[in-house]
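See structure below.
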Amino acid sequence: MRGIFTPITKIRRQVFTEVARYAFERDLDQTDFNHFYESSYRIIPGEVATYRDSVFKERAIIRERIRLAMGLPIRPSITHQPLTNGMQEAASADKHLQLPLANIIPFACVACPTDRFQVSDNCRKCLAHPCTSVCPVNAVSIGKNAAIIDQDKCIKCGRCKEACPYHAILRFGRPCAEACGARAIGSDELGRAQIDEDKCVSCGLCIVACPFAAIADKSEIFQLITALREGQTVFAAIAPSFVGQFGPLATPGKIVAGIKKLGIERVIEVGWGADVGSLHEAEEFLREVPNKKPFLGTSCCTSWAMLAHKTQPGLSDCIASTHTPMVASAQQIKQEHPDAKVVFIGPCVSKKVEALEEEVRPYVDYVITFEELMGLFAAKDIELSDMDEVELQSQASRDGRNYAVAGGVAQAVVNVIRELDPAREVQVMKADSLDDCRKMLALAKAGKADGCLLEGMACPGGCVGGPGTLSQIPRAGKAVNAFAGASPYETARDNDMQALTTAFKNTQK
Amino acid sequence: MAKISVEVCAGTHCVMMGSMNIIDAVHSLQELHTAHKPACEVEVVAIPCTLMCKHEEKEGPFVRVNGKLIEQAESEAVMAAIMDACIGGETA
């Protein structure tokens, strides 16, 4: 549940902290991974179930979550396999994560019905019963106590729901499938949710939508911590939505200090890479639209770009060819420090998939979310409010920092276009959910977006609404705006041109 | 109007376990319909780690409503404590 702290949020964070703690404490040469059996008892203590019908099931689910947090696949339920399978190999600083990223833990899924209309206790068995009259397939009848819907006949048109004067008819949906704008969630043979990998764009919204905590993504915290413990130089590139994520006392400077205390060498603002992207996309827009491309879609949101490529391959060319801000920042780091490792820290889980791409792999070694980072802080007992402020070692413009909120990306690009060609009028279309992104693509295909700049974002509210965040969206949005306003530069063009130009050359594919 | 002080620990463990959501929940009381809104001035302060989690083996999030400690605080318990304190304050 986005924005509400539920037992699911708690469990997820306990697992991150537990895995991070052992990654920090373990003997690097002689690790006993059986430790993680104990972990499931620490997280689910006692003999009485707290969350589900059985304490044994609760612990079994925790154990699969631990595997995912180590970047490992969940185990098949039908054969015996020790929890520790594959852990030795995963316990290195090398990239270990493999697709699929988002995983449904089958025995945690309660097989919610998909799209079903049900009569609730609100039904008064009224005299009028308009529910029966409006049904086009005669599926609604009046039973002994209430209206009855014949599920075999029902075509799910929703007319009975609309007609009921008592709001007694409810549409019962599957939260994971409803959160999935890519329409990638179907059912397995037991009616449990199943992700179609061909359709999934790894936005991660099903993870935070499932009310039974049955979905989780893989993490790279164990490999990152191992790199830190081996004494490797690690640079962090932090997404602009980081401000306000770690509590009201954790100022941006204290968050940076906390990250450095984990052993990370330097922290770079990805907003800086966003500035690189704005320059490139403005230039591409002026050069290509409308003569070579009917419109231009922004490229910073991986899930949006994946959705466009998967569902409308004919429009693929119209998504900007710029690397994402993550990649632009990482490239700059690797150019200066080729031997360093780079961790991207953000609100996003689809960046984990982007980092697996052939072209991106050399630059981004690990991707972790803010929530996972919080697990690292907790594991190391780092009190952010006690930290001395440390400055970010890169500056992003106001516009670059505003990439974190819906509308900010297009605004940043438009501001550059205006500076380059004041006479040019730019129309903007925006969508900040995959559902709306899909509709926007359909409009674009029909020629209704010609000449426009299209900003696509998978998460409602933009990156501040990402599945890996801790703060509620309005609070985070305000924090981002304040931080953006504090930048010494307004637009991408105001930013340090020397460094930008160098990066700019390397950003074009 | 009676004043109610709400102190919410914003240390690392407490934030991780939902103290930001508690602050938001307290603020949300002001959005209730006038008839339900607490007739008190609610002052919320985020405080640094109290070290109770480290030294006293207590579990956060820690919240104090008018000085009274709530351990393992959840937003519903904190909102209820505020509403109670508000009614109590008025009749007293």
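Return the residues of the range A:123-140 that are within 29 Å of A:Ala177 (Cα to Cα), surrounded by 13 or more Cβ atoms within 10 Å (Cβ to Cβ) and not β-branched (Val, Ile, Thr); say none if nothing qualifies.
Kept after step one, since they are within 29 Å of A:Ala177 (Cα to Cα), are these residues of the range A:123-140: A:123, A:131-132, A:134-140.
Adding the requirement that they be surrounded by 13 or more Cβ atoms within 10 Å (Cβ to Cβ) leaves A:123, A:131-132, A:134-135, A:139-140.
Matches in the range A:123-140: A:Cys123, A:Cys131, A:Cys135, A:Ala139.
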### Task
Test each condition in (1) among the polar types (S, T, N, Q); (2) buried (at least 16 other Cβ atoms within 10 Å of the Cβ); (3) over 30 Å from A:Phe222 (Cβ atoms) for A:Asn103 and report the one that comes out false.
(3)
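Quick test for you: out of A:Lys352, A:Lys380, pick the one residue that is within 14 Å of chain B (Cβ to nearest Cβ) and of a type in the set (Lys, Arg). Don't jump to the end; show me each part of the working.
Details: A:Lys352 fails: within 14 Å of chain B (Cβ to nearest Cβ).
The match here is A:Lys380.
Could you list, in sequence order, all residues of the range A:440-476 that are outside any helix (DSSP H, G or I) and within 14 Å of chain B (Cβ to nearest Cβ)? Break it down into steps so the answer makes sense when it comes.
Here is the first cut: in the range A:440-476, the residues outside any helix (DSSP H, G or I) are A:446-462, A:466-472.
Listed by number, the residues that qualify are A:Gly468, A:Thr469, A:Leu470, A:Ser471, A:Gln472.
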### Query
Mind checking whether some residue in the range B:50-65 is assigned to a helix (DSSP H, G or I), acidic (Asp, Glu) and farther than 21 Å from A:Thr469 by Cα?
no
### Task
State whether one or more residues within the range B:23-36 are buried (at least 22 other Cβ atoms within 10 Å of the Cβ), over 15 Å from A:Pro248 (Cα atoms) and either aromatic (Phe, Trp, Tyr) or within 12 Å of chain A (Cβ to nearest Cβ) (or both).
no
### Query
Any residue in the range B:15-25 that is in contact with an Asp or Glu (Cβ under 9 Å, 6 or more places away or on another chain) and free of Cβ contacts under 8 Å to residues at least 40 places away in the same chain?
yes
### Query
Any residue in the range A:379-393 that is among the polar types (S, T, N, Q) and either under 18 Å from A:Pro290 (Cα atoms) or under 23 Å from the mean Cα position of the chain (by Cα) (or both)?
no
### Task
Identify the residue in the range B:1-22 that is among the polar types (S, T, N, Q) and touching a strand residue (DSSP E or B) at 6+ places or on another chain (Cβ under 6 Å) and, among all such residues, is nearest to the other protein chains (Cβ to nearest Cβ).
B:Ser19
### Task
Would you check if there is a residue in the range A:64-75 being touching a Leu at 6+ places or on another chain (Cβ under 8 Å), crowded, with 19+ Cβ neighbours inside 10 Å, assigned to a helix (DSSP H, G or I) and not assigned by TED's automatic domain parsing to the domain that holds A:Ala476?
yes
#### Entry: the range B:53-92, residues that are within 12 Å of another protein chain (Cβ to nearest Cβ) and crowded, with 20+ Cβ neighbours inside 10 Å
B:Cys53, B:Gly60, B:Pro61, B:Ala73, B:Glu74, B:Ser75, B:Val78
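Per-residue answers, yes or no, for (1) at negative phi; (2) among the polar types (S, T, N, Q); (3) free of Cβ contacts under 8 Å to residues at least 40 places away in the same chain:
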{"site": "A:Phe107", "(1), (2), (3)": "yes, no, no"}
{"site": "A:Val110", "(1), (2), (3)": "yes, no, no"}
{"site": "A:Asn122", "(1), (2), (3)": "yes, yes, no"}
{"site": "A:Cys135", "(1), (2), (3)": "yes, no, yes"}
{"site": "A:Ala146", "(1), (2), (3)": "yes, no, yes"}
{"site": "A:Arg159", "(1), (2), (3)": "yes, no, yes"}
{"site": "A:Leu170", "(1), (2), (3)": "yes, no, no"}
## Note on the structure
Within the range A:429-454, the residues that are surrounded by fewer than 16 Cβ atoms within 10 Å (Cβ to Cβ) and within 25 Å of A:Ala479 (Cβ to Cβ) are none
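The values are calculated or read from the model by the stated rules, or taken from the named source; none is laboratory data. No experiment lies behind these values; they were computed from the predicted model shown. In this analysis, Cβ positions are derived from the backbone assuming ideal geometry, glycine residues included, and neighbour counts consider all displayed protein chains.
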